[in-house]
Amino acid sequence: MTSRRSLAPAIALAILICQAILEAQSTPRVAVRVYKDPVEWPERYQLIYVETDHGMVRPNAVKQAFPDVDEGSALVVVDTDQAYSDLKASLKGRLAVTFCLPETSLPLCLTGQVEGPAWWTFQDPTGQPVPGAAVNVYVTIPSKRHATVFLGQMTTDDKGRLPSWSLCPYPGSFTFVLSHPAYGKAKISSPPRHMTSLPVPLVRLDQGPIDGWLTGTVVGPDDRPVPDVEVRRWTQPGFDVSVYTGLDGRFAMFLLPNEQRSSTSSQLIFEPPRSSGLAGRSAMVPHGVTDTVVKLKPLQTGSL
């Protein structure tokens, strides 16, 4: 008959194994997005799971889980990626971002009040909400590398709202690319973080141009219209708004009331898609003129 003394080592080992399993289960791994080349491929990332150390994601833990990571890689922790309900709830409304630098750990900011608005509300120039819009959300990670990465696509509710995130620990900024079949496509870049209402520089396509619009047509060297050109303008509140040309090369952009009163023209930046082989440029466009034509040059001879 086996003695109790001979069973003691096996029992002790079993206890240690159980303790290790329980400890692993009580320390949930956090899901971390690794954007290997965020400048060239802002929408490509690898999702990895790493253990936290006192509420921090350490660079060595990321390196162990994803050996190809380097100092140019961006790290993002977002609540929607988390598999553990408690961690998802703790991260709700928070977004942690950084670059994978050897001396930089990523705090998850699991405690404390969330700063910033609970909702982003998208409104057209008449003050009406834009419901049912598909919105691609990007975040800019501030550093010498200055990368902007894609977080995901959401749809505005019947009040034109999206739930917002609070950035942690760095200031950073958000960019929104909005698409709606009744409005078209627009972009809002780096609005102030305290803003709750985000102005969409578009009205319904069936409404047509209204007072306070910048309108025109973008063509190439052959005078053919150039579609999908980003037409960008710096607003007086301190952020960029953009619209995009349609298949006919036309664009229409709304001006804020104070901007309509302060000047008779605006400087616009025209950025064609890479595949067009055309160079971007800037141009002064008069307010209230509908027959403005902006011609783009081939890439090798054009300049901003």
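The values are calculated or read from the model by the stated rules, or taken from the named source; none is laboratory data. Worth saying up front: this structure is predicted, and the values here are computed from it rather than measured. Quick reminder, even Gly has a Cβ in these numbers, built from the backbone with ideal geometry, and neighbours come from all protein chains shown.
Please work out which residue is modelled with the lowest pLDDT, limiting yourself to region 180-199 and to residues that are surrounded by fewer than 19 Cβ atoms within 10 Å (Cβ to Cβ) and among the aliphatic types (A, V, I, L, M).
Once the filter is applied, the top-ranked residue is Met195.
Just one of the numbered conditions (1) of a type in the set (Lys, Arg); (2) surrounded by fewer than 15 Cβ atoms within 10 Å (Cβ to Cβ); (3) modelled with pLDDT of 85 or more is not true of Lys92; which one?
(3)
What residue, among those in region 62-76 that are crowded, with 20+ Cβ neighbours inside 10 Å and either among the small types (Gly, Ala, Ser) or modelled with pLDDT under 90 (or both), is nearest to Ala147 (Cα to Cα)?
Filtering region 62-76 for residues that are crowded, with 20+ Cβ neighbours inside 10 Å and either among the small types (Gly, Ala, Ser) or modelled with pLDDT under 90 (or both), the one nearest to Ala147 (Cα to Cα) comes out as Ala74.
Tell me the strands (runs of 3 or more DSSP E) entirely within region 102-173 that contain at least 2 residues that are at pLDDT below 85 and closer than 22 Å to Ser189 by Cβ.
So the answer is 166-168.
Residues of region 276-295 being farther than 19 Å from Asp228 by Cβ and either of a type in the set (Gly, Ala, Ser) or not in a strand (DSSP E or B) (or both), which ones?
His287, Gly288, Val289, Thr290, Asp291, listed by residue number.
Of all residues being charged (D, E, K, R) and not in a loop (DSSP other than H, G, I, E, B) in region 225-265, which is modelled with the lowest pLDDT? Just the residue, please.
For region 225-265, the residue satisfying everything is Arg261.
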